[in-house]
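Colleague: Take this structure, written in structure tokens, and hold onto it; I'll ask about it next.
Just so you know, all these numbers are worked out from the coordinates, no wet-lab data involved. Predicted model, so just to flag it, every value in this text is computed and none were measured. Note that each Cβ is placed from the backbone with ideal geometry, even for glycine, and that neighbours are counted across all protein chains shown.
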Amino acid sequence: MKYEYTGDIHRELVESYRADESPFPTYSSRTYPRRDFLRDEPLLLKQLMFPRCWNATELLNDPDETRTHLTALGRCIQNGITAYSDHDEEVLTAIVDGTLDRLPAVRRALKKDVEAAYKGDPAAKSYCEIIRSYPGFHAIMSHRIAHILYEEDIFSYARELAEYTKTETGIDIHPGAEIGEYFFVDHGSGVVIGETTTVGDWVRIYQNVTLGALHFEEDEESEEHMLAKDYNRHPDIGDHVVIGAGSNVLGTIEIGDHVSIGANSWVTDDVPDNTSVFIADHPKQKQKSNR
């Protein structure tokens, strides 16, 4: 079966493009440098979400062209799901349709992520710069689609998308992680967010941060020392949280709202609301002449 998108979301997407206002890009006459992709999903998704920034201005006023892009993305998703499962045609089409039908909501969420990046980074000069160049934004764009697939029990293909995004951005977000609105990863290299992590709204994370497990349980029914699966092992992060570079937040702990975790912190206990965590005694450094 060759997938063909037959819904009405292409019209809603076109209306949402027309409704864009500054500081989001509103011009339609610029052509940006080419960015090649090793697979088709990332570019199709970027064009559908922000056509003005990805040389896809034909989508702005042409619902039929938007439908064509939706069909192309749908076929990629269909092929990805088929590679890992034996779903019949009806179930497969329903999953793909359901994923594409959520794209307007994904676009609304991504616009909030752009806003969070702009407000959270003094170096950001424009929304278009964030959309095209920020690895943290590319990572959350891919994650918001991968998470939809994960919720549909399409685990392997969702993980494949996440792993491809990691090779592009250096940011490893498991598709099972639940991430709220206004999310921003700055710089991003080395960030790891585990499967059962939950993240609230307005959370900002810097490079080399791990939201991970503290230890792993063995499957008691296995005689081969296999680790247990499908249990909570990662932290819950509240709203308005900042996690500094090099920090490790580990285990099934709760980080409250309005918390600041300083760089290189090691956090394995709950942190209450309105709290700052930091290393009290930094190692002393000395300088000596090399002459």
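Colleague: What is the order of S260, S222, fewest Cβ neighbours within 10 Å to most?
Modeller: S222, S260
Colleague: DSSP beta bridges in region 190-291, what fraction antiparallel, as a percent rounded to 5?
Modeller: 5 percent
Colleague: Build a GNM of the chain with springs between Cα atoms under 10 Å: which of Y127, Y32, Y157 gets the top mean-square fluctuation?
Modeller: Highest fluctuation of the listed residues: Y32.
Colleague: Moving on. Using a/c under 1.5 as the rounded threshold, could you call region 182-267 rounded, prolate or oblate? The axes a ≥ b ≥ c are square roots of the C-alpha gyration tensor eigenvalues, and prolate needs a/b larger than b/c, oblate otherwise.
Modeller: Verdict is prolate for region 182-267.
Colleague: What order do you get for V271, V96, V242 when you list them from fewest to most C-beta neighbours inside 10 Å?
Modeller: Lowest to highest Cβ neighbour count: V242, V271, V96.
Colleague: Which value, to two decimals, describes the C-alpha radius of gyration of region 56-108 once divided by 2.2 N^0.38 Å?
Modeller: The value comes to 1.26.
Colleague: Where Rh is the Kirkwood radius over the Cα pairs of region 1-170, the temperature 20 °C and the viscosity 1.002 mPa s, what D in µm²/s does Stokes-Einstein return?
Modeller: 130 µm²/s
Colleague: By how many degrees, 0 to 90 and rounded to 10, does the Cα axis of helix 40-49 deviate from the longest principal axis of the chain?
Modeller: 80 degrees
Colleague: Take every DSSP beta bridge whose two residues both sit in region 149-239, then give the antiparallel share in percent to the nearest 5.
Modeller: Once the DSSP bridges in region 149-239 are tallied, antiparallel ones form about 10 percent.
Colleague: Turning to a different aspect of this structure: Report, in whole Å, the centroid distance computed from the Cα atoms of region 216-260 and region 1-57.
Modeller: Region 216-260 and region 1-57 have Cα centres spaced 36 Å from each other.
Colleague: Expected output is a single nm value to one decimal: the length gained when fully extending between N232 and W266, i.e. 0.36 nm times separation in residues minus the C-alpha distance. What is it?
Modeller: Going from the current span to full extension adds 10.3 nm.
Colleague: Mind giving me the FRET efficiency for E151 and A83? R0 is 22 Å, r the Cβ-Cβ distance, nearest 0.05 is fine.
Modeller: Computed FRET efficiency for E151 and A83: 0.70.
Colleague: Can you give me the Rg/Rh ratio for region 76-231, using Cα atoms for both radii and the Kirkwood formula for Rh?
Modeller: Reported Rg/Rh, Kirkwood definition of Rh: 1.01.
Colleague: Pick from P104, P122, P25: which is most flexible by mean-square fluctuation in a GNM of the chain where alpha carbon atoms under 10 Å apart are linked?
Modeller: In this elastic network of the chain, the residue with the biggest mean-square fluctuation among P104, P122, P25 is P122.
Colleague: Pick from A117, A19, A177 the residue whose mean-square fluctuation is largest in a GNM of the chain, springs joining Cα atoms under 10 Å.
Modeller: A19
Colleague: Continuing with this model, one more query. For the chain, with only Lys/Arg (+1) and Asp/Glu (-1) charged at the beta-carbon, what is the dipole magnitude about the Cα centre, in debye rounded to 20?
Modeller: 2300 debye
Colleague: Is the shape of the chain rounded, prolate or oblate, going by the alpha carbon gyration tensor and its root eigenvalues a ≥ b ≥ c, with a/c under 1.5 for rounded and a/b larger than b/c for prolate?
Modeller: Oblate is the answer for the chain, as a/c is 1.5 or above yet b/c matches or exceeds a/b.
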